[in-house]
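One structure is given below, encoded as structure tokens.
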Amino acid sequence: MALQQSVLVIDDDRDISTVCRLFLEQAGYVVHEAATGQSGLDSARALTPDAIVLDYMLPDIDGLGVLAELTADERTEGIPVLMLTARTHRKDEEAAWAAGVTDFLTKPFKSADLVQRVKAALASDEATEKVQRRDEAMVRLSSVDQESLRQLGAVVEGATDAILVQSTDGTIRTWNAAAAKLYGWSREEMLGRTIETLCPDGLTPEFEKALIAVASGERVESFETLRKRKDGSQFTISVSLSPVHDAHGSVVNISAIERVVTARARTEARFRDLVEAAPDAIVIVDDSGLITLVNAQTELLFGHDRDRLVGQPIEILVPRRFRDRHPAHRRAYAHSPRTRPMGATLELAALHADGREFPVEISLSPLAADSDVTYAATIRDVTQRKAAESKFRGLLEAAPDAIVGVDSAGRIVLVNAQTEALFGYAREELIGQLVEVLVPEAMRATHPARREGYFTEPRTREMGEGLDLVARRKDGSEFPVEISLSSIETEDGILVSAAIRDVTERKRAAARFQGLVEAAPDAMVILDEDGRISLVNAQTVKLFGFEREDLIGQQVEVMVPHRFRGRHPNHRREYSANPRVRGMGTGLELFGLRRDGTEFPIEISLSPLETESGVSISAAIRDVTERKRAEEAQSAAYAQEREASARLREVDRLRTDFISTVSHELRTPLTAIKGFAEFLSGAWDDTPEERKIDLVKRILLAGVRLDSLIQDLLDFSRLERGQLAMRPESLDLSELLEEMIGRAEPILEAHRVQRDVAPQLTVHADRTAMIRVLDNLLSNAVKFSPPGSEITFSAAADGDTVVIEVSDQGIGITEEEQPKVFDRFYRVAESSGRPGTGIGLAIVKEFVQAQDGSISVRSDPGQGSTFVVRVPVGA
């Protein structure tokens, strides 16, 4: 009589293992069982079974790890392995076949399928059939990609560029039609040859360096190198190299896309490089007004990607209010093209991608290439310059003195409103007149010589000091003035700016000036040439905490932090040597010192003030503490946004794993129910009564597990939709606990449950939600603790709160993972292979918090875990 063949079933789910054993014993096999990867390996080495049924997910070593160790051990390497899993992802099956399984079966399965697969695995010509089954499976799994590969091959073959693929040792593997045409070598002639066949002087150092980079996984963009054809002629190509990876991510081949570099191509490339490197936006437009080329500055200036612009009418960059007229302007220029700066005398505007307009200057140039004519527009954003001009005009108009600008011919070219008010002339009456119109008649004869002397040696100087200067109004009246002169280099030559002050109003002006300083929203400090404080306003007193009299006469360094005081006098002297209006806070981290010794961030703008005693310095000081805080808050917000984005990506990954896990968790109890039911329906009369009762209990237990999972999914769905409704009432905790333990009796057979609940203890909670919380915590304790271990429920009042603790003696949770266990989809690292979806504790947390409660966990790896729930005490 022939010996019975033996099968080792390695599955951590007792029901699935039992289902397999029942069907295989019914088919005449001797069956051994193991619940972990390590015990399965030990059994396989000790028993050397004829076949192994191996679960994909195990609590210690996963199925692929077990298979690798079986294959590496000479005692077990020849044993056929049937991989069993509830996971349905294609990559899992591919990995199993690649690892060397004999067959692959997905839960739930029929008994006939299981028995037939085991019989096939034990066939005498096992090696041949194993290879055939693996090849058929890999073909089936890869069939989805075949059409894509065929289309890709057609694209490569039809490409106009030469495309070749070489192995990492340089052997040509692929050679398309364009390559055959370019080099004169047919595909049959080149396949198997090395890349050096195409290199006139062998591999250049640059090309070798590029090949090494690509072999390490990098991509090398286009670079030029020399090639030779079959007839010996040489030519230059532009080549781009890319790595080709196998399924494991290793670089196995190198693809090359090659294109002949002609003289025109070089010229075009240089032209494109010049365009790309230009500091201004450059847009090339064809004769129909369509954009053919833009540079990076164009993208930056207009906010459009170049792919969005190329092929669009140039009017996409023109404000809508001008678009109707622009094509006519464009056609007029095309009719008489010439190089010309269009912004010199025109107020031009452009349109940004976000819809805002901004001022520009545009120069146009025609470009002729063969019979085609295109036009290059160089576009410069003059927003800052316009703003500067506007600011200059604003400053000019806001100046407290009369400002008169005079050219080298002595004619007035600009005046401000104070000039009109001071001299009684309208602006139009002065522009173009000789400046002598403002000089008393008695001095007009000698003034031109003085003016010409200043233009010969222009410099900033105070002309009123020590001189009795007089000016003449339109009505002929004369009045004493002080005049400061400064020269400005302009496109039209030297411009002299004269600031004219009526000194009869000096005291009134001084009082007005002090009033302005006092009313300024910023702290204002006036210093003399020696750096001593001569004037402060109320904001200075408020900002720095000093009394006004404590500051007047003090060195300004009294307001400078001690760590900067040693250097500050030198900075002050440098400024005094070349005083000018400037904002010192721009780009600098500046600080002020209060009377109480505290420092605070500030911005300082400096302006020189001409006085009778010399140049004073006006410092406007602004406390930027709040702005700094806002900037820091904004930076923190950006950091939080980046962190949130990373969390969303992680949640997406966890959600994908969750779907796969849910599939596994649904299929596992379903497999047990179907398997036991199928066995009982086929062998009811031959099955002993005790076995029947045991199998029916297991069906019940699998049903409880399935019901719990479905309940979790329904709870999760309600939470996701925000449909969680709570109806709190006063509940007897002992009764609630006994009811919950009674319902969970099927899953508690292998565990001891201890209760330590204070008598007549009540909680204020929703009954259904509270049962779901206790159910989940009990199920969790069972799942992660070994059979025979103890699970403890304790509860006691703590003021107006009831503290419930559920403790187990399981695997525990690391300190790093404890904050994450209540996150949706999160599963602790040690839970691999154990049932669960990663949403149970998240549901518990939501239910507890919805009842004005809280939940936390205490745990030590290997020592077990205690979940602590706090809910309001009942009435």
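So which of 602, 617 is β-branched (Val, Ile, Thr) and under 30 Å from residue 503 (Cβ atoms)?
Working: 602 fails: under 30 Å from residue 503 (Cβ atoms).
Being β-branched (Val, Ile, Thr) and under 30 Å from residue 503 (Cβ atoms) holds for just one of 602, 617, which is 617.
Would you pick out the residues in the range 288-303 that are without any contact (Cβ under 8 Å) to a residue 60 or more places away in the chain and in contact with a strand residue (DSSP E or B) (Cβ under 8 Å, 6 or more places away or on another chain)?
If we filter the range 288-303 for residues that are without any contact (Cβ under 8 Å) to a residue 60 or more places away in the chain, which is where we start, we get 288-291, 293-297, 299-300, 302-303.
Selection gives 289, 290, 291, 293, 294, 295, 297, 300, 302.
Of 579, 601, which residue is open to solvent by less than 60 Å² (accessible area, probe 1.4 Å) and part of a loop (DSSP other than H, G, I, E, B)? Give the steps one after another, and end with the answer.
Values: 601 fails: part of a loop (DSSP other than H, G, I, E, B).
Of the residues listed, the single one that is open to solvent by less than 60 Å² (accessible area, probe 1.4 Å) and part of a loop (DSSP other than H, G, I, E, B) is 579.
Looking at the range 692-716 only, could you name the residues that are within 37 Å of the chain's Cα centre (by Cα) and at pLDDT below 70?
Scanning the range 692-716 gives 709, 712, 713, 715, 716.
Residues that are at pLDDT 90 or above, in a strand (DSSP E or B) and of a type in the set (Val, Ile, Thr): does the range 80-100 have at least one?
Scanning the range 80-100, I find at least one residue that is at pLDDT 90 or above, in a strand (DSSP E or B) and of a type in the set (Val, Ile, Thr), so the answer is yes.
In the range 557-575, how many are surrounded by 12 or more Cβ atoms within 10 Å (Cβ to Cβ), basic (Lys, Arg) and not in a helix (DSSP H, G or I)?
0
Would you tally the residues in the range 544-556 being on the phi < 0 side of the Ramachandran plot and open to solvent by 30 Å² or more (accessible area, probe 1.4 Å)? Step through it out loud before you land on a result.
The first filter runs over the range 544-556 and keeps only residues on the phi < 0 side of the Ramachandran plot, leaving 544, 546-552, 554-556.
Checking the rest, the ones that are also open to solvent by 30 Å² or more (accessible area, probe 1.4 Å) come to 547-550, 552, 554-555.
Residues meeting the conditions: 7.
Checking the conditions here, which among 846, 805 is more than 29 Å from residue 35 (Cα to Cα) and modelled with pLDDT of 90 or more?
Working: 846 fails: modelled with pLDDT of 90 or more.
So the residue among 846, 805 that is more than 29 Å from residue 35 (Cα to Cα) and modelled with pLDDT of 90 or more is 805.
Of the residues that make up the range 367-375, is at least one surrounded by 15 or more Cβ atoms within 10 Å (Cβ to Cβ) and under 30 Å from residue 314 (Cα atoms)? Give the derivation first.
The initial filter retains those residues of the range 367-375 that are surrounded by 15 or more Cβ atoms within 10 Å (Cβ to Cβ), namely 374-375.
Restricting the remaining residues to those that are under 30 Å from residue 314 (Cα atoms) gives 374-375.
Yes, the range 367-375 contains at least one residue that is surrounded by 15 or more Cβ atoms within 10 Å (Cβ to Cβ) and under 30 Å from residue 314 (Cα atoms).
Kindly provide the set of residues from the range 221-235 that are open to solvent by 30 Å² or more (accessible area, probe 1.4 Å) and either part of a strand (DSSP E or B) or touching a Ser or Thr at 6+ places or on another chain (Cβ under 7 Å) (or both), ordered by number. Step through it out loud before you land on a result.
Kept after step one, since they are open to solvent by 30 Å² or more (accessible area, probe 1.4 Å), are these residues of the range 221-235: 221-222, 224, 226, 228-234.
Answer for the range 221-235, where residues must be open to solvent by 30 Å² or more (accessible area, probe 1.4 Å) and either part of a strand (DSSP E or B) or touching a Ser or Thr at 6+ places or on another chain (Cβ under 7 Å) (or both): 221, 222, 224, 226, 228, 234.
May I ask you to verify whether residue 595 is within 23 Å of residue 625 (Cα to Cα) and open to solvent by 70 Å² or more (accessible area, probe 1.4 Å)?
Values: within 23 Å of residue 625 (Cα to Cα): yes; open to solvent by 70 Å² or more (accessible area, probe 1.4 Å): yes.
So residue 595 fits the description; yes.
Just to be sure I understand, how many residues within the range 183-207 are assigned to a helix (DSSP H, G or I) and open to solvent by 90 Å² or more (accessible area, probe 1.4 Å)? Please lay out each step first, then the result.
Just the residues of the range 183-207 that are assigned to a helix (DSSP H, G or I), to begin with: 183, 187-190, 195-198, 205-207.
Subset that is open to solvent by 90 Å² or more (accessible area, probe 1.4 Å): 188, 196, 205-206.
Number satisfying all stated conditions: 4.
Select, from 789, 794, 779, the only residue that is of a type in the set (Ser, Thr, Tyr), touching a residue at least 24 places away in the same chain (Cβ under 8 Å) and buried (at least 18 other Cβ atoms within 10 Å of the Cβ). Explain how you work it out, then say what you get.
Values: 789 fails: buried (at least 18 other Cβ atoms within 10 Å of the Cβ); 794 fails: buried (at least 18 other Cβ atoms within 10 Å of the Cβ).
Of the residues listed, the single one that is of a type in the set (Ser, Thr, Tyr), touching a residue at least 24 places away in the same chain (Cβ under 8 Å) and buried (at least 18 other Cβ atoms within 10 Å of the Cβ) is 779.
Does the range 17-35 hold any residues that are assigned to a helix (DSSP H, G or I) and touching a strand residue (DSSP E or B) at 6+ places or on another chain (Cβ under 7 Å), and which are they?
Within the range 17-35, the first condition is being assigned to a helix (DSSP H, G or I), and the residues that meet it are 17-26.
Correct list: 17, 20, 21, 24, 25.
Pick out the one residue from 70, 58 that is over 26 Å from residue 701 (Cβ atoms) and surrounded by 15 or more Cβ atoms within 10 Å (Cβ to Cβ). Can you show your working first?
Values: 58 fails: over 26 Å from residue 701 (Cβ atoms).
Residue meeting the stated conditions: 70.
Being out of contact with any Pro (no Cβ under 8 Å at 6 or more places or on another chain), in a strand (DSSP E or B) and open to solvent by 20 Å² or more (accessible area, probe 1.4 Å) is the filter here, so list the residues in the range 376-401 that pass it.
378, 380, listed by residue number.
Kindly provide the set of residues from the range 402-430 that are part of a loop (DSSP other than H, G, I, E, B), open to solvent by less than 70 Å² (accessible area, probe 1.4 Å) and under 15 Å from residue 496 (Cα atoms), ordered by number. Before the answer, list the steps.
Within the range 402-430, the subset part of a loop (DSSP other than H, G, I, E, B) is 407-410, 416, 424-426.
Going one step further and asking which of them are open to solvent by less than 70 Å² (accessible area, probe 1.4 Å), we end up with 407, 409-410, 416, 424-426.
Those that are part of a loop (DSSP other than H, G, I, E, B), open to solvent by less than 70 Å² (accessible area, probe 1.4 Å) and under 15 Å from residue 496 (Cα atoms): 407, 409, 410, 416.
How do the pairs read when you match residues in the range 60-73 that are part of a helix (DSSP H, G or I) with residues anywhere that are among the hydroxyl-bearing types (Ser, Thr, Tyr), using Cβ under 7 Å and keeping only pairs 6 or more apart or on different chains?
Partner pairs satisfying both residue conditions: 63/56; 70/76.
Name the residues in the range 160-190 that are touching a helix residue (DSSP H, G or I) at 6+ places or on another chain (Cβ under 6 Å), touching a residue at least 24 places away in the same chain (Cβ under 8 Å) and of a type in the set (Gly, Ala, Ser), would you?
Once the filter is applied, which keeps residues that are touching a helix residue (DSSP H, G or I) at 6+ places or on another chain (Cβ under 6 Å), touching a residue at least 24 places away in the same chain (Cβ under 8 Å) and of a type in the set (Gly, Ala, Ser), the range 160-190 yields 162, 170.
Out of all the residues in the range 36-54, is one or more part of a strand (DSSP E or B) and touching a residue at least 60 places away in the same chain (Cβ under 8 Å)? Please lay out each step first, then the result.
Here is the first cut: in the range 36-54, the residues part of a strand (DSSP E or B) are 51-54.
So of that shortlist, the ones also touching a residue at least 60 places away in the same chain (Cβ under 8 Å) come out as 51, 53.
Checking the range 36-54: at least one residue is part of a strand (DSSP E or B) and touching a residue at least 60 places away in the same chain (Cβ under 8 Å).
If we keep just the residues of the range 16-48 that are open to solvent by 50 Å² or more (accessible area, probe 1.4 Å) and small (Gly, Ala, Ser), which is farthest from residue 61 (Cα to Cα)?
Here is the first cut: in the range 16-48, the residues open to solvent by 50 Å² or more (accessible area, probe 1.4 Å) are 25-26, 30, 32-33, 35, 38, 42, 45-48.
Pick out the ones that are also small (Gly, Ala, Ser) and you get 35, 46.
On the way: 35: 11, 46: 18 Å.
It comes out as 46.
State which residue is most open to solvent (accessible area, probe 1.4 Å) when the search covers only the range 744-776 and only residues that are under 24 Å from residue 861 (Cα atoms) and assigned to a helix (DSSP H, G or I).
Residue satisfying both the conditions and the ranking: 747.
The values are calculated or read from the model by the stated rules, or taken from the named source; none is laboratory data. Everything numeric here is computed off the predicted structure, so don't read it as measured data. Using ideal geometry, Cβ is built from the backbone for each residue, glycine included, and neighbour counts are taken over all protein chains shown. To get the accessible areas, we keep the full protein, side chains included, count just its heavy atoms, and leave off ligands, DNA and RNA. Shrake-Rupley method; radii C 1.70, N 1.55, O 1.52, S 1.80 Å.
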